[in-house]
């Protein structure tokens, strides 16, 4: 087992070195003063998506040096261009190969099911629901990441609403029965299975090709993310209900975090909530604009105008969502997660119930 772990880490060390993101903290001799300015190595979110291009990359490469008077600079690459899969992000940060990283919770939940808790498929049909769920679950996420992985939770980001795109017409969620639908997480797969459809795990970069080839009939992805990759050119019908959202966490390996001067850590901690708010505001806006762009509406400003048909929410869809969440998604998730997870879930739901609306 030890040899397997060493070989695994060596493989990713080579990949990260090629990508230019391996931390250089370990190369300094004991007692040697760190270079000035200190340079951070960061792995961000998905390449080409606005969370990364408009917010993460500019913050670290442009704003951080200004905020710290040049004492901190940073290099950042998206994880899908760094030779990493989403499932591995928390582990490589834990091992210190990546000092700072953005991990998509649905990907990480394949190995750590509890991480899916605040964004279960069917739990948050709108943006306000998502905000409440994340606020209720945030303390548990911070504790779990610290205790199990030795990570400092610095921010929680979200992508736009993950909705259903289909090549062929449908009028209600129940009419998706029998179709092959691209999913990106276990709880999405549970949701789709409860509809009588077949979930198919497919990489984000392969969605358009899969629809074209007919290997999938529909796909769940972000409203604007789908537009960015040209999904509106091969799919013709889009349903506006958020199946879920696509949360990610930005974390630091605690040993590397401790190597940053206290006053500089304080600046990062002060500014991360601002970056988080900007990403959330963009995701809220992009949810609506993504729908507008895919359907060719005049309110589309930054995306590509398509000619998709918006499938109106049928009165039965909301009740179907609730039934699937309670009878399929939640029980299946708790079975994977275990009894301790059920306790933490209930505590979060108690906080959610007590929070003002």
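Side notes on the structure shown:
- For q = 0.14, 0.15, 0.18, 0.25 Å⁻¹, Debye-computed log10 I/I(0) when each Cα of the stretch 182-273 counts as one equal scatterer: -0.64, -0.68, -0.80, -1.37
- With Cα atoms as the point set, the radius of gyration and Dmax of the stretch 150-218 evaluate to 14.3, 48 Å.
- The spacing between the stretch 155-218 and the stretch 228-247, judged by their C-alpha centroids, is 9 Å.
- Sequence of 223, 53 once ranked by neighbouring C-beta atoms within 10 Å, starting from the fewest: 53, 223
- For the stretch 313-357, the alpha carbon convex hull comes to 79 Å³ per residue, rounded to a whole number.
- Exposure proxy ranking, count of Cβ atoms within 10 Å, fewest first, for 232, 256: 256, 232
- Protection-proxy order for peptides 119-130, 196-207, 299-310, each taking the mean of Cβ atoms within 10 Å per residue, highest first: 119-130, 196-207, 299-310
- Computed per residue of the chain from DSSP H runs no shorter than four, each worth -39500 (n - 2.57), the mean residue ellipticity at 222 nm is -13000 deg cm²/dmol.
- Rh (Kirkwood; distinct C-alpha pairs) - the chain, Å: 21.2
- Note on the stretch 249-357: the alpha carbon radius of gyration divided by the globular reference 2.2 N^0.38 Å gives 1.59.
- Under the Debye formula (equal points on every Cα, no solvent term), log10 I(q)/I(0) of the stretch 67-110 at q = 0.28 Å⁻¹: -1.01
- Square roots of 5 times each gyration tensor eigenvalue, C-alpha, the stretch 122-237, largest first, Å: 30, 16, 14
- Sorting the segments 265-272, 324-331, 177-184 by their residues' average number of neighbouring beta-carbon atoms within 10 angstrom, most packed first, yields 177-184, 324-331, 265-272.
Taken together, the values in this text are just the output of simple stated rules run on the coordinates, not laboratory data. Keep in mind the model is a prediction, meaning the values are calculated, not measured. Because the Cβ atoms are built from the backbone with ideal geometry, glycine has one as well, and the counts that use them run over all protein chains shown.
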